[in-house]
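Here the structure is laid out as structure tokens; the discussion comes afterwards.
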Amino acid sequence: MSHNTIRDYLPAKRAARARLVERVRGGDTAPLPVSATVEVAGASGIRQIRIREHTVISDSSVDYAGFDLGPTSPELQLGVLGSCLAHTLLIHAAASNVVLDAIEVTVSAQLDPRGGVEGFDDAPKQPTDVRYALRVTSPEAPATIERLVAHVDAVCPVLTLLRTPVAVTGALEVLS
């Protein structure tokens, strides 16, 4: 990687995006399969998440018999949202020739420990009050950055997924 700054990186992002748009406009529009496999370590409950050649560790807090060796699943989800927001911002800044010097996204939420506990049926099981703060350093006019961020807010894939969920189906395979 030879990019020292986000400014240095944006032309490469712009060129990659242009190649992708050209392929899509040329008819290369087949959906891309993506997957993740999770294995639970027997003695610890630690979850190893494998995605392509990458491994991410997820663990629970000590309140849930974990060792706190990695982020929890809800924390990972917040990180995924922040990463997607930042990446979407990079893509659209590059495509629009908007100069950025720094991007930082903080995503936060509330998690009710009563969720899923018998007798607390009204307590939410999922994170609630999910919100993000996007900090951008740029020499561009604030109105330019505001328009860019409004576009990102409208098209970010993970944000869209969370706002308009899709059906999730499950299957069980019991092994003995």
Matching entry among Arg135, Arg131, Arg114 (being touching a Phe, Trp or Tyr at 6+ places or on another chain (Cβ under 6 Å) and open to solvent by 50 Å² or more (accessible area, probe 1.4 Å)): Arg114
Number of the exception - Gly79 against (1) open to solvent by 50 Å² or more (accessible area, probe 1.4 Å); (2) of a type in the set (Gly, Ala, Ser); (3) part of a helix (DSSP H, G or I): (1)
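Within segment 1-17, work out how many residues are of a type in the set (A, V, I, L, M) and surrounded by fewer than 12 Cβ atoms within 10 Å (Cβ to Cβ).
Pass one, segment 1-17, residues of a type in the set (A, V, I, L, M): 1, 6, 10, 12, 15-16.
Checking the rest, the ones that are also surrounded by fewer than 12 Cβ atoms within 10 Å (Cβ to Cβ) come to 1, 15.
Of the residues in that region, 2 qualify.
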Tabulated pairs, segment 84-96, first within 15 Å of Ala12 (Cβ to Cβ), second of a type in the set (Ser, Thr, Tyr) and in a helix (DSSP H, G or I), C-beta under 9 angstrom, 6+ apart or interchain: Leu90/Tyr9; Ala94/Tyr9
Among residues of segment 46-62, those that are loosely packed, with under 12 Cβ neighbours inside 10 Å and of a type in the set (A, V, I, L, M, F, W, C), counted: 1
Residue satisfying condition, being open to solvent by 60 Å² or more (accessible area, probe 1.4 Å) and at positive phi, within set Ala65, Ala43: Ala65
Filter result (part of a loop (DSSP other than H, G, I, E, B) and either open to solvent by 50 Å² or more (accessible area, probe 1.4 Å) or among the polar types (S, T, N, Q) (or both)) within segment 87-98: Ser96, Asn97
Qualifying residues in segment 127-166 (those that are touching a residue at least 12 places away in the same chain (Cβ under 8 Å) and assigned to a loop (DSSP other than H, G, I, E, B)) - the one nearest to Pro31 (Cα to Cα): Cys156
Answer residue from segment 161-171, given it is of a type in the set (Gly, Ala, Ser) and open to solvent by less than 100 Å² (accessible area, probe 1.4 Å) and is nearest to Leu85 (Cα to Cα) among those: Ala167
Number of the condition not met by Glu140 [criteria: (1) within 26 Å of Tyr64 (Cα to Cα); (2) open to solvent by less than 90 Å² (accessible area, probe 1.4 Å); (3) more than 18 Å from the chain's Cα centre (by Cα)]: (1)
Lone unmet requirement of (1) open to solvent by less than 80 Å² (accessible area, probe 1.4 Å); (2) on the phi < 0 side of the Ramachandran plot for Val174: (1)
Scan of segment 18-40 for residues that are among the polar types (S, T, N, Q), in contact (Cβ under 8 Å) with a residue 12 or more places away in the chain and open to solvent by 70 Å² or more (accessible area, probe 1.4 Å), ordered by number: Ser35
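The values are calculated or read from the model by the stated rules, or taken from the named source; none is laboratory data. Bear in mind the structure is a predicted one, so any value in this text is a computation, not a measurement. Note that each Cβ is placed from the backbone with ideal geometry, even for glycine, and that neighbours are counted across all protein chains shown. Quick note on the areas: whole protein, heavy atoms, side chains included, nothing else; ligands and nucleic acids left out. Shrake-Rupley method; radii C 1.70, N 1.55, O 1.52, S 1.80 Å.
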